[in-house]
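Written out below as structure tokens is the structure these notes cover.
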Amino acid sequence: MDSPVGTLTMVADGSSLIGLYMEEQRHRPDQSVFGHYEDEGFEDVKEQLAQYFAGERVSFDLDLGLRGTEFQVRVWHELLTIPSGATRTYGELAADLGNPKASRAVGLANGKNPISIIVPCHRVVGSTGDLTGYGGGLARKRWLLDFERGAGLF
């Protein structure tokens, strides 16, 4: 799907979305593991992403199949609680997960988020509020945050 942040590749397992990847995204699986390409399907995902990029949606209502370690999945679920247009630090997320010293582990899990945009890893910032690493690149992270704040989505 084309989007303001470039082409997005969606991956499903049955009815669950298990991947949403940007071009040149760090930790993006090799294209060969995505399976058979189909132009059809993902109507709900495409519709909700189109609404998001039109400034009409602040959260998503999709069947997500989050796959990772137990800790990664906990981090990704915590990301889903960050409101559109808001940010939280890695340290805040670690504290919310019950281990204030785990900010580095939170950062590693955040970086391996397989469902970008929908699971909003772009809303996590460094301890000083500065933009730090993003699998889709800092320019995309800045664009997404500016978009959410400027589009009146929060």
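The values are calculated or read from the model by the stated rules, or taken from the named source; none is laboratory data. The structure displayed is predicted, hence computed values, not measured ones. With ideal geometry, Cβ positions are generated from the backbone for all residues, glycine too; neighbour counts draw on all protein chains shown. Please note that ligands, DNA and RNA were not included when accessible areas were found on the heavy atoms of the full protein model with its side chains. Shrake-Rupley method; radii C 1.70, N 1.55, O 1.52, S 1.80 Å.
Summary of computed values
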item: Percent carbon-and-sulfur accessible area, the chain, ignoring ligands, DNA and RNA, probe 1.4 Å; result: 48 percent
item: Partner lysines for LYS46 [C-alpha distance under 28 Å; skip if fewer than 8 residues away on the same chain]; result: LYS112, LYS141
item: Cα centroid separation - segment 82-132 against segment 55-70, whole Å; result: 15 Å
item: For semi-axes √(5λ) of the Cα gyration tensor in Å, calculated from these coordinates, the label among (i) 24, 19, 14; (ii) 27, 19, 18; (iii) 42, 27, 12; result: (i)
item: Where the chain is the region considered: accessible area per residue in Å², 1.4 Å probe; result: 53 Å²
item: Furthest towards positive pole of dipole, ALA12, GLY91, PHE42, structure part the chain, Cβ charges; result: GLY91
item: FRET efficiency, 1/(1 + (r/R0)^6) with R0 25 Å, evaluated for GLU40 and LYS112 via beta carbons; result: 0.30
item: Estimated dipole of the chain in Debye, rounded to 20 [Cβ of Lys and Arg +1, of Asp and Glu -1, Cα centre]; result: 880 debye
item: Peptides ranked, highest mean first, by Cβ atoms within 10 Å: ranges 55-68, 102-115, 80-93; result: 102-115, 80-93, 55-68
item: Two-site label geometry, VAL58 and MET1: point separation in nm, points 7 Å out along Cα→Cβ; result: 2.0 nm
